[in-house]
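The values are calculated or read from the model by the stated rules, or taken from the named source; none is laboratory data. Since the structure is predicted, the reported quantities are computational estimates derived from the model, not experimental observations. Cβ sites come from the backbone with ideal geometry, for glycine too, and all protein chains shown count toward neighbours.
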Amino acid sequence: MSPENYLYLSALLFTIGACGVLIRRNAIVVFMCIELMLNAANLALVAFSRMHGNLDGQIAAFFVMVVAAAEVVVGLAIIVMLYRSRHSASVDDASLMKL
Amino acid sequence: MESLIGGLVAAPLLGAAVLLTGGRRLDRSGHWLGTALAGLSFVFAAVLFFDMLGKDAEERTLTSHLFSWVPVEGFQADVAFQLDQLSMTFVLLVTSVGSLIHLYSVGYMAHDERRRRFFGYLNLFMGAMLLLVLADNYLLLYVGWEGVGLASFLLIGFWQHKPSAATAAKKAFIVNRVGDVGLAIAIFLMFTTFGSFAFSAVLDEQVAAGAGQATLTGIGLMLLLAACGKSAQVPLQSWLGDAMEGPTPVSALIHAATMVTAGVYLVVRSADIFNLTPDAQLVVTIVGAASLLFGAFVACAKDDIKKSLAGSTMSQIGYMMLAAGLGPIGYVFAIMHLVTHGFFKAGLFLGAGSVMHAMNDEVDMRRYGALRRHMPVTFVTFGLAYLAIIGFPGLSGFFSKDEIIYAAFAKGGTQGWILGGVTLLGAALTAYYMTRMMLLTFFGEKRWQPDAAGREPHPHEAPRVMTIPMIVLAVGSVGAGAYFSLGERFAHWLEPVTGLGHEEAPLSHGMVSLAATAVMLIGVAGAWAQYGRRPVPLVAPAGRWVTRAARRDLLQDDFNHAVLVRPGNYLTRGLVYVDHKLVDGVVNGTAAAFGGLSGRLRRVQNGFARSYAVSMFGGAAVLVAATLLMRAV
């Protein structure tokens, strides 16, 4: 099985994630879509690593995972606080910066 | 002796400074301080005069250099005085009449709570006027010129709570400004032509002859414009009648005896320039003749005693101006008439003030009548001044006016006949309007009316402090002319400064005097027939169109309105419109355009996280696309 198929899958996942970020209003879902995009990128990195026969891509994937874990902690905390204060998790409600 | 000249100017200026800054504590003594300083100035003048008489005619000029005002390379402006016979004549007139009028004002303004300020202004006027006539260069003269203009403005508008007085003051100031521009331009022209504006440098036949004819005529005409403004001559005459809104002593001092004659002084002082430019001289005579008739016509029709006297002043200054335009044959007589006029016109104004004082400030002559029994001193002094102004044989006006009429005939040719005719006509009109004033005020039936507050007038003679100046001026009106004319005393006195020309007129002196007396009698008879024999109606009859026009000052204000004010209004309105629409439009439009643009741009920042995400993804997509595109190329 050629590694290109992994790349196609990665692109597909990334697109689904991006569309989810743009379309969905629920912050949790948007958050999950962002995770999906990160993991799509991880998949691509690992696939490239395999294609080139070195470990650079895999190392980069580990970095992404660490960053994603930290991001989940902060992001979920923000979402929980937002929900508590506004009783809604809609990203469109949090538009206070608008004049 | 030289240092006395400075004191002459300084005394009244000191008085003005003290009185105007001294505050209320001077309220009770200030008027005596002002009068004393004016008198001190007169004493200085008298000392200088007798000192001058002791010298030879050619060595009488005194100069006094005070300090360098603007010492710049190629531009020397000094504060320096020059006292020659011409200045001396003016100094004596200004200080003597000025002191008398200060004294008169003590009584006249007795009930005015701002009397201290009034005396401060009077002193300011005297100081400025002395500066004007004593300056040894045109720039310092200009300072005095503006100073008397300022004092005139302040004094015309002294009762500024009356809107008419405030307006009259502004009118006088603005009309005078037109003339002042002329003086400024004349000084500029002198400086560019001669490199100086000192009398000693400019007023020299040889130096002046070095300039082109056109330049000289230009300087002459600009000086004349200045003289017209200050002396209320056609075409800048419109302010004088309204200036009568000021207190009567002001009218006597400033608008009859002294300031309004500054124009004549300017022309006579600049004789060396005018002698070389016949064109400008001709214009001076024309202006004089026109003002002479204009003022006389207005004076004939006015019922307001002060406005009638104002017309008369304008007319008499027209005589002086006409004489000054005749050149060396006229200068001396212009100044002589100026001095005699200073006496009798100041006397007439003070008499008018005394009458107004007695009649609850009524100015309409139709409401006077029969005052001679109630105010004998005023009647006699006014009557003597009246006889002097109409040129009754033997009194001042007779001598000075006849000399001017003779000089006008001596101009020669058609011009001489025309000018002579105009002066004779003026003499007849003078006799007419003055007789009319006399009859309306002192003779006939009582036509007294209660004033606006319902008080009946109770005419009484003025207090002594007011009658003494009137008596002194009446003596001057009677005697000055004969004294000056005896052995051509005045002519020889002024000759070293102005020169003295002799021309033979087609008529002899005797014939001129006879003709002048004859037209004077015609004028008197005309007024007698109209106002002496018949009862005078309380309200002026409508009259013919000439009378109506003369009552409206020969439509001078309508003319100024139509020719100057209205176009000026339209111009400013147009400029305001352009300013609002065009200038403001561009500025506001630019601002509005940027405002609108930023409003549009602001919408992009809508606060929705998802729309920011779109722009991020879009930007990333564009970057990727661009990278791929570059690869492909």
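Can we say B:TYR142 is in contact (Cβ under 8 Å) with a residue 40 or more places away in the chain, of a type in the set (Phe, Trp, Tyr) and more than 24 Å from B:THR21 (Cα to Cα)? Taking the combined requirement at face value, the residue satisfies it.
Exactly one residue out of B:LEU292, B:LEU253 is of a type outside the set (Asp, Glu), in a helix (DSSP H, G or I), buried (at least 24 other Cβ atoms within 10 Å of the Cβ) and in the same structural domain as B:LEU494 (by the TED database), and it is B:LEU292. Looking at this structure, is B:ARG551 surrounded by 10 or more Cβ atoms within 10 Å (Cβ to Cβ), more than 14 Å from chain A (Cβ to nearest Cβ), charged (D, E, K, R) and within 60 Å of the chain's Cα centre (by Cα)? Taking the combined requirement at face value, the residue satisfies it. Pairs linking a residue in region B:460-485 that is under 18 Å from B:ALA257 (Cβ atoms) to a residue that is of a type outside the set (Asp, Glu) and not in a helix (DSSP H, G or I), with Cβ atoms under 6 Å and 6 or more positions apart or on different chains, are B:VAL478/B:LEU395. Among the candidates B:VAL497, B:VAL536, the residue that is surrounded by 14 or more Cβ atoms within 10 Å (Cβ to Cβ), in a helix (DSSP H, G or I) and assigned by the TED database to the domain that holds B:ILE389 is uniquely B:VAL497. Kindly indicate the residue of region B:62-77 that is among the polar types (S, T, N, Q) and either in contact (Cβ under 8 Å) with a residue 40 or more places away in the chain or under 21 Å from B:SER96 (Cβ atoms) (or both) and also surrounded by the most Cβ atoms within 10 Å (Cβ to Cβ) among those meeting that condition. Only one residue fits best here, namely B:SER64.
Is one or more of the residues making up region A:48-55 of a type in the set (Ser, Thr, Tyr), more than 14 Å from chain B (Cβ to nearest Cβ) and assigned to a helix (DSSP H, G or I)? Yes, that holds for at least one residue. Among the residues of region B:316-344, write down those that are surrounded by fewer than 24 Cβ atoms within 10 Å (Cβ to Cβ) and farther than 21 Å from B:LEU486 by Cβ. Correct list: B:GLY327, B:PRO328. Restricting attention to region B:342-391, the residues that are in contact with a Ser or Thr (Cβ under 9 Å, 6 or more places away or on another chain) and charged (D, E, K, R) add up to 2. Inside region A:68-85, residues that are within 14 Å of another protein chain (Cβ to nearest Cβ) and more than 18 Å from A:ILE34 (Cβ to Cβ) make up a count of 0. Could you grab me the full set of residues in region A:65-91 that are assigned to a loop (DSSP other than H, G, I, E, B) and surrounded by 14 or more Cβ atoms within 10 Å (Cβ to Cβ)? Answer for region A:65-91, where residues must be assigned to a loop (DSSP other than H, G, I, E, B) and surrounded by 14 or more Cβ atoms within 10 Å (Cβ to Cβ): A:SER88, A:ALA89, A:VAL91.
The rows are residues; the columns are (1) within 14 Å of another protein chain (Cβ to nearest Cβ); (2) touching a Lys or Arg at 6+ places or on another chain (Cβ under 8 Å).
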| site | (1), (2) |
| --- | --- |
| A:CYS19 | yes, no |
| A:LEU45 | no, no |
| A:HIS87 | no, no |
| A:ALA94 | yes, yes |
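For B:LEU225, the test of being under 19 Å from B:VAL133 (Cα atoms), in a helix (DSSP H, G or I) and within 26 Å of the chain's Cα centre (by Cα) is passed. One residue stands out in region B:584-618 among those that are touching a helix residue (DSSP H, G or I) at 6+ places or on another chain (Cβ under 9 Å) and of a type in the set (Gly, Ala, Ser): the one that is farthest from the other protein chains (Cβ to nearest Cβ), namely B:SER615. Go through region B:69-83 and give me each residue that's at pLDDT 90 or above and not aromatic (Phe, Trp, Tyr). Listed by number, the residues that qualify are B:VAL79, B:ALA80, B:GLN82, B:LEU83.
Filtered by the rule that a residue be among the small types (Gly, Ala, Ser) and either under 18 Å from B:PHE399 (Cβ atoms) or buried (at least 24 other Cβ atoms within 10 Å of the Cβ) (or both), region B:345-359 gives B:ALA346, B:GLY347, B:GLY351, B:ALA352, B:GLY353, B:SER354.
With the structure loaded, tell me whether B:ASN123 is touching a strand residue (DSSP E or B) at 6+ places or on another chain (Cβ under 8 Å) and more than 25 Å from B:THR340 (Cβ to Cβ) or whether it fails that test. It is false that B:ASN123 is touching a strand residue (DSSP E or B) at 6+ places or on another chain (Cβ under 8 Å) and more than 25 Å from B:THR340 (Cβ to Cβ).
Under 8 Å by Cβ, and 6 or more places apart or on different chains, what pairs join a residue from region A:1-30 that is within 15 Å of A:ALA89 (Cα to Cα) and of a type in the set (S, T, N, Q) with one that is at pLDDT below 90 and in a loop (DSSP other than H, G, I, E, B)? Within 8 Å, the pairs are A:ASN26/A:ALA89; A:ASN26/A:VAL91.
For region B:107-154, a tally of residues being surrounded by fewer than 24 Cβ atoms within 10 Å (Cβ to Cβ), of a type in the set (Gly, Ala, Ser) and not in a helix (DSSP H, G or I) returns 1.
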